[in-house]
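Values in this text are rule-based calculations from the coordinates and carry no lab data. What you see is a predicted model, and the numbers here were worked out from it, not measured in a lab. Cβ coordinates were reconstructed from backbone atoms using ideal geometry, including for glycine residues, and neighbour counts include every protein chain displayed.
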Amino acid sequence: MYHSIPATDDLQDAGQMTTPFELFKRQMAYLSEHRFNVISCRTMTDLLANKQPIPLRSVVITFDDGFRNNLSTLPVLEEYGFPAMFFLSTHALDGEADYLSWSEAERLAHSSRFSIGSHSVSHRNLKRLDEPDVRDEIFVSKQKLEERLQEPIEYFAIPFGSYGAFDGRTRRLLQSAGFVAAFSTIAGVNSHRSDLFALRRTRISWFDDMTTFPDQLSGYYDWYRWWQKMSKSL
């Protein structure tokens, strides 16, 4: 799970929301050189829905929030033939600085390699909202993305995404809206026993140099989800 991909390497934010472009390139080269199986969200969720095991060394690449600098990753991903999912909030697409525009989102949506998912309307913590507002964040974002992009929107990334950010109500509304699966920010790998509406992801950032990046891929830091659960961390 990536967020912002700035051109410079001097943004070491405490929330680990940035990955410098040159580091991103090295990480993608590592996946290729070490023969990781980079698969699409669709491939993974089809396997999970059918209770089939995910092949070893499989990786799904996702980007949250829709930062405009994510566009710099496209040539790198295309070079290695890697698919990726970009989760977008519709309010940001309406003209917020530093975020993708609708025309840029259309370019991604109509690519054969890249896909668009919903990241809600306004990126609020769904668990803290009244049900009508949660419904709007889920249903309106899906409807608007589908109308503008002319593509089905079947995947949702839960804003903030840890244990304090969603609940059974969120699941019920996502299923009612017709989403195939939802991605959390809870650390860890997925298996045939995974919950399709609370899929785990590993956050990758400036912290993950070429020493720690292999550890992330191996699941070494999967223990972090227990800390997330105890602290209800966002």
Task: Residues of segment 14-54 satisfying the condition of being in contact (Cβ under 8 Å) with a residue 24 or more places away in the chain, charged (D, E, K, R) and out of contact with any helix residue (DSSP H, G or I) (no Cβ under 9 Å at 6 or more places or on another chain) - done: 42, 51
Open item on the list: Looking only at segment 125-154, count every residue that is hydrophobic (A, V, I, L, M, F, W, C) and within 15 Å of residue 86 (Cβ to Cβ) and tell me the total.
Closed with: 3
Task: Failed item, numbered, when residue 201 is tested on (1) surrounded by fewer than 18 Cβ atoms within 10 Å (Cβ to Cβ); (2) out of contact with any helix residue (DSSP H, G or I) (no Cβ under 8 Å at 6 or more places or on another chain) - done: (1)
Open item on the list: Looking only at segment 132-167, how many residues end up being surrounded by 16 or more Cβ atoms within 10 Å (Cβ to Cβ) and assigned to a loop (DSSP other than H, G, I, E, B)?
Closed with: 11
Task: Condition met for residue 211 (among the β-branched types (Val, Ile, Thr), surrounded by fewer than 15 Cβ atoms within 10 Å (Cβ to Cβ) and part of a loop (DSSP other than H, G, I, E, B)) - done: yes
Open item on the list: I'd like to verify a number: residues in segment 100-115 that are part of a helix (DSSP H, G or I), under 18 Å from the mean Cα position of the chain (by Cα) and among the polar types (S, T, N, Q), how many?
Closed with: 0
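Which members of segment 166-188 meet the condition of being among the hydrophobic types (A, V, I, L, M, F, W, C) and under 30 Å from residue 103 (Cα atoms)?
Selection gives 173, 174, 177, 179, 180, 181, 182, 183.
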TODO: Being of a type in the set (Gly, Ala, Ser), crowded, with 17+ Cβ neighbours inside 10 Å and over 18 Å from residue 200 (Cβ atoms) narrows it down to one of 66, 15, so name that one.
DONE: 66
Task: Selected residue [over 15 Å from the mean Cα position of the chain (by Cα), at positive phi and either loosely packed, with under 15 Cβ neighbours inside 10 Å or of a type in the set (D, E, K, R) (or both)] from 35, 26 - done: 35
Task: Unique match (being under 30 Å from residue 163 (Cβ atoms) and among the charged types (D, E, K, R)) among 113, 135, 148 - done: 135
